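Single-structure report; data block below.
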Amino acid sequence: MSPISHGFHRRHTVPDGAADRVPPGQYVTDGFPVLSAGPTPHTPLTEWTFSIRQGSSTVKSWTWQELQQLPAETATVDIHCVTRWSKLDTEWRGVSVDTLLDQVEHDAGYIMAFSDGGYTTNLPLADVTGGKAWVAFSFAGAPLEPEHGGPARLLVPHLYFWKSAKWVRGLELMDEDRPGFWETYGYNMYGDPWKEQRYQGD
């Protein structure tokens with residue numbers, strides 16, 4: 001399967017004074033391109049849950065209403081897509097992954113984010129803790145639209161944006177790293193935009 005893009009206007013520019021914020025090989029867009037590997041899910045909020053799993057067990061789960069009652073944070077961050085666009089000063093609101101993981105006991109070194117539609121992506125635990133990641137449900141002051149991953153997506157802005165899983169429904173705690181969806185198709189296991197880690201071997 002190949003990503004699809006709607007309303008994608010390529011701009012080979014970096015704003016003045018922003019060069020140190022744009023990784024190698026990237027250009028800045030004012031738009032917000034839509035890319036996905038399949039159809040957009042539309043799960044009713046009354047049926048939506050977010051779960052933390054370990055092995056075959058669910059160790060903690062929240063309904064949409066329960067997630068909304070947790071402390072939320074606003075994060076203004078730059079995001080970088082593996083398809084080479086960057087978008088600066090994006091504003092999100094959501095629950096820190098730290099807040100969620102603080103409610104379970106574990107010694108995992110990695111997580112696998114899983115989403116509606118079967119999408120998965122792997123991350124070291126250190127890259128979703130310490131204030132580095134959120135389960136985001138708002139973008140630019142409005143509820144996150146389905147085409148951008150709503151009702152909630154993982155937000156891990158320091159890595160390429162495929163690691164910020166759309167339509168996220170939970171995290172699986174893992175002792176050892178293993179590839180998620182795009183990683184099995186040759187994408188880099190880590191995805192650092194500053195090192196241009198797009199594909200295996202980068």
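Quick notes on this one:
- Subset of the range 113-164 [outside any loop (DSSP other than H, G, I, E, B), of a type in the set (A, V, I, L, M, F, W, C), under 9 Å from the mean Cα position of the chain (by Cα) and closer than 17 Å to Glu91 by Cβ]: Trp134, Val135, Ala136, Leu154, Leu155, Phe161
- Looking only at the range 157-195, and only at residues there that are under 20 Å from Trp85 (Cβ atoms) and among the charged types (D, E, K, R), the one that is surrounded by the fewest Cβ atoms within 10 Å (Cβ to Cβ): Lys195
- When Thr99 is tested against (1) surrounded by 19 or more Cβ atoms within 10 Å (Cβ to Cβ); (2) over 19 Å from Pro41 (Cβ atoms), just one condition goes unmet, and that condition is (1).
- Whichever residue in the range 79-96 is farther than 24 Å from Tyr199 by Cβ and among the hydrophobic types (A, V, I, L, M, F, W, C) and, among such residues, is surrounded by the fewest Cβ atoms within 10 Å (Cβ to Cβ): Leu88
- Within the range 67-78, the residues that satisfy the criterion of being loosely packed, with under 14 Cβ neighbours inside 10 Å and more than 17 Å from the chain's Cα centre (by Cα) are Gln68, Gln69, Pro71.
- Considered as a group, the residues in the range 24-66 that are among the aliphatic types (A, V, I, L, M) and more than 17 Å from the chain's Cα centre (by Cα) include one that is farthest from Arg93 (Cα to Cα), and that residue is Val59.
- Tabulated pairs, the range 6-30, first over 22 Å from Lys195 (Cβ atoms), second at pLDDT 55 or above and among the small types (Gly, Ala, Ser), C-beta under 7 angstrom, 6+ apart or interchain: Gly7/Gly31; His9/Gly31
- Filter result for Asp107 (part of a loop (DSSP other than H, G, I, E, B), of a type in the set (Asp, Glu), under 27 Å from Asp20 (Cα atoms) and modelled with pLDDT under 95): no
- Within the range 124-178, the set of residues being over 13 Å from Leu100 (Cβ atoms), among the basic types (Lys, Arg) and in contact (Cβ under 8 Å) with a residue 40 or more places away in the chain comprises Lys163, Lys166, Arg178.
- Taken over the range 78-103, the criterion of being under 26 Å from Lys60 (Cβ atoms) and either part of a helix (DSSP H, G or I) or not small (Gly, Ala, Ser) (or both) is satisfied by Trp92, Arg93, Val95, Val97, Asp98, Thr99, Leu100, Leu101, Asp102, Gln103.
- For the range 46-74, a residue qualifies if it is in a strand (DSSP E or B) and under 18 Å from Asp102 (Cβ atoms), and the qualifying residues are Phe50, Ser51, Ile52, Arg53, Gln54, Thr58, Val59, Lys60, Ser61, Trp62, Glu73.
The values are calculated or read from the model by the stated rules, or taken from the named source; none is laboratory data. The structure presented is a predicted model; accordingly, all values stated were derived computationally and were not measured. Ideal geometry is used to build each Cβ from the backbone, glycine not excepted, and the neighbour counts take in all protein chains shown.
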